Amino acid sequence: MSQVLVIKAHPFGPDRSRSMRVLDQFLTSYQAAHPADTITERNLYEEDFPELDGDMLAAFAPDAKPTPATAAKLAVFDAALNQFKVADKIVIANPMWNLGIPTKLKSWIDAITVVGQTFRYTASGHVALLPGKQVLHIQAAGGKYAGQDPATQYVHAALEYLGTEKVIDLPVEGMDHFPEQAPAIVAAAEKQATALGQSF
């Protein structure tokens, strides 16, 4: 049995978001193929996942006395880190906005990138402390980028830094560039999601 962590990084649901629609298709297929696995879903926008700010950075000092509000934000970061550490498989779904990932997803990555917990420094460079996790990245974009966009590259770099050997991409691309092809593009992505749900 595997522990699967699903990160939803879009303020809209599958009725308005293509990335969330394809994610739902993947999860339906995955649950049918892996009924014994435990799936934990985290919607970063529904919970208003905190973003790293000055108060949180100051609270990292050994003698810091964070306010209750700051302590609550740090507790969310700690919980996210612990979720990531115990997960065997990670599924991330997000849109690409202006060549980047949503800020809430960047904050989640900040929460799981912790020296001494998910990586450490050595004389010869950094060492990932959580190798072997499987990661699927579902991303919707209006144009076509074939994985060369900064958002996809960042997700790869961030997760590989922590030990993932390969991030599997499931792009949903080109709906704005080729609006007449949008239904077919999404349908093809859903078909791929169904197949990945069985093999991931």
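The values are calculated or read from the model by the stated rules, or taken from the named source; none is laboratory data. Since the model is a prediction, treat every value here as computed from it, not as a measurement. Ideal geometry is used to build each Cβ from the backbone, glycine not excepted, and the neighbour counts take in all protein chains shown. The accessibility values were calculated without ligands, DNA or RNA, using every heavy atom of the protein model including side chains. Shrake-Rupley method; radii C 1.70, N 1.55, O 1.52, S 1.80 Å.
Under the 0.36 nm per residue contour assumption, what length would be gained going from the current alpha-carbon distance of ASP176 and ALA36 to full extension?
Gain on stretching ASP176 to ALA36: 46.5 nm.
What's the extension gain from ASP63 to TYR161 if we count 0.36 nm per residue and subtract their Cα-Cα distance?
32.3 nm
Restricting to Cα pairs below 8 Å that are 6+ residues apart, what does the relative contact order work out to for the chain? Please round to a whole percent.
Computed over the chain, the figure is 26 percent.
Can you report the principal axis dimensions of the stretch 25-105 using only the alpha carbons, biggest first, rounded to whole angstrom?
49, 34, 18
If you rank ILE168, ILE7, ILE185 by how much accessible surface each has, with a 1.4 Å probe, what is the order from largest down?
Accessible-area ranking of ILE168, ILE7, ILE185, largest first: ILE168, ILE185, ILE7.
Quote the FRET efficiency, to the nearest 0.05, computed for GLN117 versus GLN148 with a Förster distance R0 of 45 Å and r equal to the Cβ-Cβ distance.
Approximately 0.90, to the nearest 0.05.
With a/c under 1.5 counting as rounded, go ahead and sort the stretch 140-200 into rounded, prolate or oblate using the C-alpha gyration tensor (a ≥ b ≥ c being the square roots of the eigenvalues; past the cut-off, prolate if a/b is larger than b/c, else oblate).
oblate
Which one of GLY147, PRO35, ALA64 has its Cα pushed farthest toward the positive end of the charge dipole of the chain, where Lys and Arg give +1 and Asp and Glu give -1 at the Cβ?
So the residue we want is PRO35.
Averaged across orientations, what area in nm² does the convex hull of the alpha carbons in the stretch 31-159 project?
10.6 nm²
With the radius of gyration and the Kirkwood radius both derived from the Cα set of the stretch 100-182, what is their ratio Rg to Rh?
Radius of gyration over Kirkwood radius for the stretch 100-182 works out to 1.07.
On a C-alpha basis, how far is the centre of the stretch 149-200 from the centre of the stretch 19-94 in Å? Whole number, if you could?
Each part's Cα centre sits 20 Å from the other's.
Under 23 Å Cα to Cα from LYS191, which lysines show up? Leave out anything in the same chain fewer than 8 places away.
Of all the lysines, those that pass the test against LYS191 - Cα under 23 Å, at least 8 places apart if same chain - are LYS8, LYS89, LYS144, LYS166.
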